[in-house]
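Please read the structure below before turning to the comments.
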Amino acid sequence: MTITTMFIHNDEGDILALKYAAELASLHKQPLRVVCSIPDPSNVYAYSTPEFAIGVSTVLSKQIIEEQETARARSAEAFEKVIASSGLSTDQAEFVYEPGYPPDVAAREALLASALVFPRAASQGGHALSGSCEHVMMDRALPVLIAGNDPKPSGPVIVAWDASDQAARSLRFHVPLFRETGPFIIAQSEDGLKRRGDATSPETLKAWLSHQGVEASIESVSSPVGNGLLELSYANEAAMIISGAYGHSRAGQYLFGGVTRTLMHAEAAPALALCH
């Protein structure tokens, strides 16, 4: 098992996510796998059939290849600098170049990774890895870890508990890795407490976590829930929020907002451990 991060060095946010993944790997004594995935040029440019377009397509393909090689080299250089300044040795971290369709590459990596880390901007759209992040989380229903603004991975863990299938999947996947990250805080809104039965109550979850070797406290959060979770995380200097992702459709999230969207777009949010 590895801590894996999808990485294309476009800005400081990408570097921050790489540093976070390196810190996470060092903390949990797991190898770091850094995957730079860029589409094959033949998949980027659709070749036209008219004879006059052949020369144009050749020039564009060459330009795409050159730009991709520049991106790969820039990412590899950034990887080397981050690893040199981290607590990892060179045999504990590897840089892998995977040409292909990035969302498919990311989904393959997510299957056996202990955590698949994406830059925060990748969860918001418009980033080179946005399509990969969305595909892994929404289409393949695999867990993802969205890096926070602080590369330090240790500290309290907020569990956003609404007894949904998504929250349960996220919790069951992430608890084995993050049980020693810090104290757990089970958070649920007061409205949610009124709607849920005993089988899915915070007290029941607390007992389940205890059986996993995790001691947890319970705190209620105010509405709207997304803002309440952020306030709770800031007050406790939390390192992470474990949550289900997108309780309803992507279209519904876009039109009406939602907890997931609020957490993803918060500038100062901690790392987000999500599963749809």
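The values are calculated or read from the model by the stated rules, or taken from the named source; none is laboratory data. Remember, it's a predicted structure, so these values are computed and weren't measured experimentally. The accessibility values were calculated without ligands, DNA or RNA, using every heavy atom of the protein model including side chains. Shrake-Rupley method; radii C 1.70, N 1.55, O 1.52, S 1.80 Å.
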Once amide H atoms are built 1.01 Å from N in the peptide plane, which residues 5 or more positions from GLY100, or in another chain, come under 5 Å H to H?
ILE38, ASP40
Rounded to the nearest 10 Å², what accessible area does GLU80 have for a 1.4 Å probe in the complete protein model?
120
HN-Hα J in Hz across the range 70-85 - Karplus 6.51, -1.76, 1.60, θ = phi - 60°, x for Gly and Pro:
4, 5, 5, 5, 5, 5, 5, 5, 5, 4, 4, 5, 5, 5, 4, 9
Interchain or long-range residues, amide H under 5 Å from ALA93's placed H
LEU32
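Leaving out ligands and nucleic acids, note down the accessible area per residue over the range 101-142 with a 1.4 angstrom probe, in whole Å².
Details: 1530 Å² over 42 residues.
Here the per-residue accessible area is 36 Å².
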Whole-Hz ³J(HN,Hα) from phi, Karplus 6.51 cos²θ - 1.76 cosθ + 1.60, for the range 233-245, glycine and proline x
5, 5, 5, 9, 6, 5, 8, 7, 10, 9, 8, x, 10
Rg (Å, one decimal) plus Dmax (Å, integer) for the alpha carbons of the range 123-162?
12.6, 32
Whole-Hz Karplus ³J(HN,Hα) for the range 100-109, in order, using 6.51 cos²θ - 1.76 cosθ + 1.60 and θ = phi - 60°, x for Gly and Pro?
x, 8, x, x, 5, 4, 4, 5, 5, 5
Residues meeting the amide H criterion for SER189 (H placed from the backbone, H to H distance under 5 Å, 5 or more places apart or on another chain) are VAL221
Within straight-line cross-link reach of LYS152, lysines at Cα separation under 30 Å, skipping those fewer than 8 residues along the same chain:
LYS19, LYS29, LYS81, LYS206
